[in-house]
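Report on the structure given below.
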Amino acid sequence: MGRYEQQRQFLKSNFLEFKHIKTDKAKGLPKPPTVKPYDSSSDIVNLPDVKEEIVKRQTIYGCIKERRSTRLYSEESLTIDELSYLLWATQGITGTNKGGLILRTVPCSGATHTFETYLFIMRIEGLQQGVYRYLPEDHKLLFMHELSEIDNKIDAITLDQPFVPNFAKRAAVVFAWSTTPYRSEWKYDISAHKKILIDVGHVCQNLYLASESVDAGACAIGIYDQKLIDEVLGLDGDEEFVLYLGAVGKKRT
């Protein structure tokens, strides 16, 4: 029990302690940006508008019922329309509320939106292989860089998968969600970190359901080489670091 105690405490609510803390927001410190800036001269890819017609399985009941963690993928590529839809479903901006807070397709504690979406793209029609970042405000992709032997690099990042070894490198695309914790810490202080983990679960579940709706399969990945993936994505590993991954591909029949 001893070695579990600290982590079990982390899972519990600390609201009574939190309510006595003066957060950085309460101190009047500036709110951190909720999206990561980028150089406008970067290599930008316009994504197609998301349209309902992309959805093949029309009922939410069917998507929930048929959802499974899919680790066996065909060689078929995803279309750029399907990728556009998956990005919108997981982090797309759908509006703002009366207070000016950004609203997305997934719930988020206090609209703090600590996540950035990075993509390891292997087989997307019309896109070259490489590493990309999603720009939710513009619904575009930023091409970051090519990655030599991308499949082997993904294999190294995802380490020893217990059920189907090496499955991630056979996906059409691997989503990697990073977190910038201070976006939540500014508002929630010591309560931020539990909220971040809850929120990323909402994101990945949307990836599962959206993938199912276009006859693709997704699988969450929680086993990965933290240092290696942060280095590949150019993250400092402290103020921003990868939190969760998800592989997506067309299902093998």
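For Asp24, the conditions (1) among the acidic types (Asp, Glu); (2) under 22 Å from Leu127 (Cβ atoms); (3) in contact with a helix residue (DSSP H, G or I) (Cβ under 7 Å, 6 or more places away or on another chain) all hold with the exception of (2). The condition of being at pLDDT 95 or above and touching a Ser or Thr at 6+ places or on another chain (Cβ under 9 Å) does not hold for Lys227. Total residues in segment 1-40 satisfying the condition of being closer than 11 Å to Lys187 by Cα, without any contact (Cβ under 8 Å) to a residue 24 or more places away in the chain and within 24 Å of the chain's Cα centre (by Cα): the figure is 0.
Residue-by-condition table, conditions (1) farther than 19 Å from Tyr134 by Cβ; (2) over 21 Å from the mean Cα position of the chain (by Cα); (3) of a type in the set (Gly, Ala, Ser):
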position	(1), (2), (3)
Thr59	yes, yes, no
Ile64	yes, no, no
Glu76	yes, yes, no
Glu82	no, no, no
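Across segment 144-196, what is the total count of residues that are part of a helix (DSSP H, G or I), within 26 Å of Ser42 (Cβ to Cβ) and acidic (Asp, Glu)? Number satisfying all stated conditions: 1.
Contact annotation: residue pairs with Cβ atoms under 7 Å, 6 or more positions apart or on different chains, pairing a residue in segment 45-69 that is touching a residue at least 60 places away in the same chain (Cβ under 8 Å) and closer than 16 Å to Glu125 by Cβ with a partner that is in a loop (DSSP other than H, G, I, E, B) and of a type in the set (A, V, I, L, M, F, W, C), are Val45/Leu127; Ile54/Val214.
Within segment 162-171, identify whether any single residue is over 23 Å from Pro33 (Cα atoms) and among the charged types (D, E, K, R), and answer yes or no.
Going residue by residue through segment 162-171, those that are over 23 Å from Pro33 (Cα atoms) are 162-171.
So of that shortlist, the ones also among the charged types (D, E, K, R) come out as 169-170.
Yes, segment 162-171 has at least one match.
Across segment 207-225, not a single residue is classified as outside any strand (DSSP E or B), within 17 Å of Arg123 (Cβ to Cβ) and touching a Leu at 6+ places or on another chain (Cβ under 6 Å). Among residues of segment 211-237 being touching a residue at least 40 places away in the same chain (Cβ under 8 Å) and on the phi > 0 side of the Ramachandran plot, the one that is farthest from the chain's Cα centre (by Cα) is Asp215. Taking residues in segment 108-136 that are closer than 11 Å to Ile150 by Cβ, and partners anywhere that are among the polar types (S, T, N, Q), the pairs with Cβ atoms closer than 9 Å and at least 6 places apart or on different chains are Phe120/Gln129; Ile121/Gln128; Ile121/Gln129; Met122/Ser77; Met122/Gln129; Arg123/Ser77; Arg123/Gln129. For the structure I just gave you, tell me whether Tyr132 is touching a helix residue (DSSP H, G or I) at 6+ places or on another chain (Cβ under 7 Å) and either surrounded by 18 or more Cβ atoms within 10 Å (Cβ to Cβ) or in a strand (DSSP E or B) (or both). Considered against the rule, which asks whether it is touching a helix residue (DSSP H, G or I) at 6+ places or on another chain (Cβ under 7 Å) and either surrounded by 18 or more Cβ atoms within 10 Å (Cβ to Cβ) or in a strand (DSSP E or B) (or both), Tyr132 comes out as no. Out of the residues in segment 1-47 meeting the condition of being closer than 30 Å to Gln128 by Cβ and small (Gly, Ala, Ser), tell me which one is modelled with the highest pLDDT. The residue in question is Ser42.
The values are calculated or read from the model by the stated rules, or taken from the named source; none is laboratory data. Just so it is clear, the structure is predicted and the values come from calculations on it, not from any experiment. Note: ideal-geometry Cβ built from the backbone for every residue, glycine included; neighbour counts use all protein chains shown.
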